[in-house]
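The values are calculated or read from the model by the stated rules, or taken from the named source; none is laboratory data. Computed from a predicted model, the values in this text were never measured in an experiment. Backbone-built Cβ (ideal geometry, glycine too); neighbour counts: all protein chains shown.
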């Protein structure tokens, strides 16, 4: 793929400028302005609103491989970040086709207006297949996405900005993603045509403390759906403050950025938590930092895994699940120390997707078992976590299903 102005036949109102000088022109959508970020592609067919509000996408521009995005509009229910605000998810988005008028009974706003309200800069009308193929060959690039309704761009300046941007390695973005204050969560999973119910205080059987590195709402909902009271605490909360909440279980959430950077303050906390023998469960960034806390290492991936159709094998059951994924870093399987077992692997490339600590109720997965969007094959992992709590209390196990 070379720098070209022939991808469109009309005056471009948006551009994607890559660090190697490639310029891709198209039609601007969403917010105006420009922002540097890493460019990735997502293979999910549905759930664009949930994807774009996943805090794990902070610092990234999402290219959708599905060509028609936006035809179901947006609503206030399909949001995943805990405290909605501009750019608390993806900073940019790239579509093949123009956004169409919404056609869905749940829609309350069209996608373009919603993108503007979130500060997400968009580019449409390009060959997303070519861009995806380029990323697969060359790896996820750094770039700048820019939108100007008048089509006025200083390409030399944008090229320089794209080349100079540091990339995600070394960036602690959890501080940007975390809600920043302790809060209680009681909203239960969504029910068709009924919306969200709330867990009554008297119905809560267990207390989960969630360390928020950029948690998704549906993770919290699945806990409350299993009768758990959930307390969400900021990313930098000390271990003694977590323990003072008297949790039955501790959850290490997903989030953006380089796990090694966030781990500078998170790993000592996680190590202290492990010593307590309180059941501990991590997802995505939480999984990576648990790996670091146990003595493993993490590394930047070539293109990352982003989509809702990834096959993962659970070695503990022998089953293959189709899962949602969103990560650009991975735990190095070869670095797992003695006593740490690899429980899940990606069947796409063999990378690590799960681990557990022998002799302790501590485990984690790289993929997103809560889905949103995606299949529910891995919902059983939440029951597996609750069963660790129940075993510690001398209660019979729930069926994993």
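See the values below:
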{"quantity": "Members of the stretch 167-199 found to be assigned to a loop (DSSP other than H, G, I, E, B) and without any contact (Cβ under 8 Å) to a residue 12 or more places away in the chain, listed by number", "calculated": "192, 193, 194"}
{"quantity": "Hits in the stretch 311-343 - residues which are within 18 Å of the chain's Cα centre (by Cα) and either under 21 Å from residue 169 (Cα atoms) or surrounded by 23 or more Cβ atoms within 10 Å (Cβ to Cβ) (or both)", "calculated": "312, 323, 324, 325, 326, 327, 328, 329, 330, 331"}
{"quantity": "Filter result for residue 282 (outside the structural domain of residue 59 (by TED's automatic domain parsing) and without any contact (Cβ under 8 Å) to a residue 60 or more places away in the chain)", "calculated": "no"}
{"quantity": "Subset tally (residues that are in a loop (DSSP other than H, G, I, E, B) and within 20 Å of residue 357 (Cα to Cα)) for the stretch 370-392", "calculated": "1"}
{"quantity": "Criterion violated by residue 21 - all others in (1) in a loop (DSSP other than H, G, I, E, B); (2) modelled with pLDDT of 95 or more; (3) on the phi < 0 side of the Ramachandran plot satisfied", "calculated": "(3)"}
{"quantity": "Of the criteria (1) within 21 Å of residue 286 (Cα to Cα); (2) buried (at least 20 other Cβ atoms within 10 Å of the Cβ); (3) in contact with a helix residue (DSSP H, G or I) (Cβ under 8 Å, 6 or more places away or on another chain), which one residue 199 fails", "calculated": "(1)"}
{"quantity": "Meets criteria (out of contact with any strand residue (DSSP E or B) (no Cβ under 6 Å at 6 or more places or on another chain) and modelled with pLDDT of 95 or more) for residue 221", "calculated": "no"}
{"quantity": "Top-ranked residue in the stretch 238-272 [being more than 19 Å from residue 175 (Cβ to Cβ) and touching a residue at least 60 places away in the same chain (Cβ under 8 Å); ranked as surrounded by the fewest Cβ atoms within 10 Å (Cβ to Cβ)]", "calculated": "248"}
{"quantity": "Residue 364 touching a strand residue (DSSP E or B) at 6+ places or on another chain (Cβ under 9 Å), assigned to a loop (DSSP other than H, G, I, E, B) and buried (at least 19 other Cβ atoms within 10 Å of the Cβ)", "calculated": "no"}
{"quantity": "Meets criteria (over 23 Å from residue 143 (Cβ atoms), in contact with a helix residue (DSSP H, G or I) (Cβ under 6 Å, 6 or more places away or on another chain) and either modelled with pLDDT under 95 or surrounded by 17 or more Cβ atoms within 10 Å (Cβ to Cβ) (or both)) for residue 185", "calculated": "yes"}
{"quantity": "Test: residue in the stretch 304-323 that is within 27 Å of residue 377 (Cα to Cα), touching a helix residue (DSSP H, G or I) at 6+ places or on another chain (Cβ under 8 Å) and outside the structural domain of residue 93 (by TED's automatic domain parsing)", "calculated": "no"}
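Rundown of residues vs (1) closer than 21 Å to residue 180 by Cα; (2) buried (at least 21 other Cβ atoms within 10 Å of the Cβ); (3) under 15 Å from the mean Cα position of the chain (by Cα), yes/no style:
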residue: 236; (1), (2), (3): yes, no, no
residue: 282; (1), (2), (3): yes, yes, yes
residue: 298; (1), (2), (3): no, yes, no
residue: 308; (1), (2), (3): no, yes, yes
